[in-house]
Amino acid sequence: MSNTTSKIKGYCLITGASQGIGKAISYEWASRGVSIIAVAIDGDALKVLKEDIESTYNVSCKTLTKDLLNPDTPQEVFDWCIENDIDVQVLVNNVGLGSSGSFEDTSIEFDISLVKLNIFPMIKLTKLFLPVLKKFDKSYILNMSSLGSYRPIPYKALYTASKSFIYSFSKAISSELKEDSVQVSVSCPAGVYTNAASVKRIKVSGNVAKWTSLYADIVARYIANGMLRGKNLIIPGKGAKVLMVLMKLMPESFNRWVVGRNMKRNRSAV
């Protein structure tokens, strides 16, 4: 355990913790001796996570089976922490919904759910827990964005727009909280191998996607290390960093044309 990690006496609260990156981050922080509050909608998966973490690492793992699409859930999570005298020192706003396809083809109900889930729990939980986080000499917030936040991506229109919001919000409050004890980081990974569907999408997306994609446990390690080192922006992997530079160098219109053509071609392959 590093000296920095040894100073984390409070809990790490992670949303969307039952699968994918959220699950990997839960294991990563637990392996560093930090107790976990795992929040997700899948109670069975959370039960398995709790049993595995507590049997493998000498830390506590609390679980809350909650639907973060419910606008009351962030307040319920916060109230539960207060009632149980649990202080959160690390807040990981990870929960989110992905999409791939034409905006015209998705239902308005799905579109609204995506925006609500990707953005509003992050805002509410950050607002609620800031006074608690400020109690510590050093505390941490991690908001999960995407490499797609740097450029609009056709056939991922709402997803990348929501991730751009997360990126902008995180960088802004990072400056606001610079004089406080709260370290705000935003992570922008490229592709992540999280389940069979994501593996299939990455495989049909060509060599660039394969080169820049990482497994969730590796992404989680990059994220935890970056947070502890005080990085405001965490881009996991060398491939993703190179791709980010290329995206910035390319004119936006050209980038949209290239990525849009690739996305359209791959839709029929999935």
Just wondering, is there one or more residues in region 80-96 that are in contact with a helix residue (DSSP H, G or I) (Cβ under 7 Å, 6 or more places away or on another chain), farther than 30 Å from S181 by Cβ and at pLDDT below 95? no
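Is it the case that some residue within region 78-96 is of a type in the set (D, E) and surrounded by 15 or more Cβ atoms within 10 Å (Cβ to Cβ)? Even if it seems obvious, please write down each step before you answer.
Residues of region 78-96 that are of a type in the set (D, E), as a first pass: 79, 83, 85, 87.
Narrowing further to those that are surrounded by 15 or more Cβ atoms within 10 Å (Cβ to Cβ): 87.
Looking for residues that are of a type in the set (D, E) and surrounded by 15 or more Cβ atoms within 10 Å (Cβ to Cβ), one finds at least one in region 78-96, hence yes.
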Which residue pairs have Cβ atoms under 6 Å apart, sit 6 or more places apart or on different chains, and have a first residue in region 51-63 that is on the phi > 0 side of the Ramachandran plot and a second that is part of a strand (DSSP E or B) and not aromatic (F, W, Y)? none
Only one residue in S55, S100, S107 is small (G, A, S) and open to solvent by less than 60 Å² (accessible area, probe 1.4 Å), so which one is that? S107
Screening K23, K47 for residues that are over 21 Å from I223 (Cα atoms), modelled with pLDDT of 95 or more and of a type in the set (K, R) leaves only K47
Among the candidates S168, S205, S181, S175, which residue alone is farther than 22 Å from K66 by Cα, more than 13 Å from the chain's Cα centre (by Cα), modelled with pLDDT under 80 and polar (S, T, N, Q)? S205
Residues of region 152-182 being within 15 Å of F103 (Cβ to Cβ), in a helix (DSSP H, G or I) and open to solvent by 20 Å² or more (accessible area, probe 1.4 Å), in sequence order, are A157, L158, Y159, A161
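Does V34 satisfy the criteria of being at pLDDT 95 or above, within 19 Å of the chain's Cα centre (by Cα) and open to solvent by less than 50 Å² (accessible area, probe 1.4 Å)? Talk me through it step by step, then tell me what you get.
On the way: at pLDDT 95 or above: yes; within 19 Å of the chain's Cα centre (by Cα): yes; open to solvent by less than 50 Å² (accessible area, probe 1.4 Å): yes.
In short, yes.
The values are calculated or read from the model by the stated rules, or taken from the named source; none is laboratory data. Since the structure is predicted, the reported quantities are computational estimates derived from the model, not experimental observations. As a convention, Cβ positions derive from the backbone with ideal geometry for all residues, glycine included, and neighbour counts pool all protein chains shown. These accessible areas exclude ligands, DNA and RNA; they are computed on the full protein's heavy atoms, side chains included. Shrake-Rupley method; radii C 1.70, N 1.55, O 1.52, S 1.80 Å.
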